[in-house]
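One structure is given here, and the rest of the page talks about it.
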Amino acid sequence: MLRKLVLFDIDGTLLRMSSINRQILIDALREIYGTEGSAGTHDFSGRMDGSIIYEVLGHSGLEERQIAEKFDAVKQSYIRRFCRQTRLEDVTLMAGVRELLDALALRSDLLLGLLTGNFEASGRHKLKLPGIDHYFPFGAFADDAFHRNDLPPVAVERALRITGKKFSGKDIVIIGDTVHDITCARALQAHSIAVATGNVPMDELRENTPGCLFENLTRTQSVIHSILNP
Ligand SMILES: [Mg+2]
């Protein structure tokens with residue numbers, strides 16, 4: 001019987017991308033808007049691809065209306081470039097991830113999904129390169145919302161459509177590497193598992209009181225225990 005909905009963040013949690021990611025966004029912004037705004041220095045971690053585009057272009061003086069007019073064009077340019085230019089060697093899987101996903105996939109009481117600030121097409125491509133896309137039958141993505149806190153309800157709704165089960169409270173587990181992941185879990189009173197494999201140090205994650213905190217995802221059985229016992 002299904003007991004838990006387990007939602008994984010991508011960047012900093014499952015894997016790390018090379019700097020090509022930032023360069024591709026810069027190239028797409030220059031092509032469509034003629035400026036990259038603050039994309040060269042902006043902190044992307046834990047943020048949504050859509051809102052990143054608005055934030056970095058806001059620094060170039062473009063108004064929201066001007067950004068919105070070409071938003072679809074820049075999104076398509078970014079995705080097209082991303083899928084064409086990134087290679088397996090641009091992706092570093094975090095330690096323990098493959099073993100953890102293998103172990104979780106064997107369990108019939110868990111439903112795995114994605115909860116990520118990536119657009120679906122580029123996010124899926126990131127996972128396909130190292131061959132871990134198939135673990136995630138569905139997800140909530142930057143295409144679905146501008147704010148991360150709006151993603152968990154989307155994931156819950158999709159899980160309901162797939163399984164017929166309405167997950168709530170601590171039966172929803174959100175695994176991520178930033179304070180944003182912890183906060184969006186709290187918005188639904190879900191269980192959060194923070195992992196310090198991204199840019200946020202252990203201490204800073206701890207201050208934001210996640211349900212559970214790991215240095216990395218190598219302790220497979222401890223992570224599973226935390227998922228089942230929030
Ligand atoms: Mg992340």
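Of D72, D90, how do they rank once you tally other Cβ atoms within 10 Å and put the fewest first?
Going from least to most buried by this count: D72, D90.
Which ordering of Y54, Y33 is given by a fewest-first count of other beta-carbon atoms within 10 Å?
Fewest to most other Cβ atoms nearby, the residues stand as Y54, Y33.
Of F71, F214, how do they rank once you tally other Cβ atoms within 10 Å and put the fewest first?
With the sparsest Cβ surroundings first, the list reads F71, F214.
If I model a spin label as a point 7 Å beyond the Cα along the Cα-Cβ vector, how far apart are those points for K165 and S18 in nm?
Here the modelled spin labels are 4.0 nm apart.
Towards the positive end of the charge dipole of the chain, with charges on Cβ (+1 Lys, Arg; -1 Asp, Glu), say which of L106, A142, I24 has the farthest Cα.
L106
Rounded to the nearest 0.05, what FRET efficiency do T209 and E69 give with R0 = 25 Å and r taken as the Cβ-Cβ distance? Could you check?
0.05
Write down the radius of gyration of the chain and its Dmax, each obtained from C-alpha positions, in Å.
Answer for the chain, Rg first and Dmax second: 17.3, 53 Å.
For the residue pair S222 and Q76, what label-to-label distance in nm results when each label sits 7 Å from Cα along the Cα-to-beta-carbon direction?
It is 4.8 nm.
Taken together, the values in this text are just the output of simple stated rules run on the coordinates, not laboratory data. Just so it is clear, the structure is predicted and the values come from calculations on it, not from any experiment. Here Cβ is always computed from backbone atoms with ideal geometry, including for glycine, and neighbour counts include all displayed protein chains.
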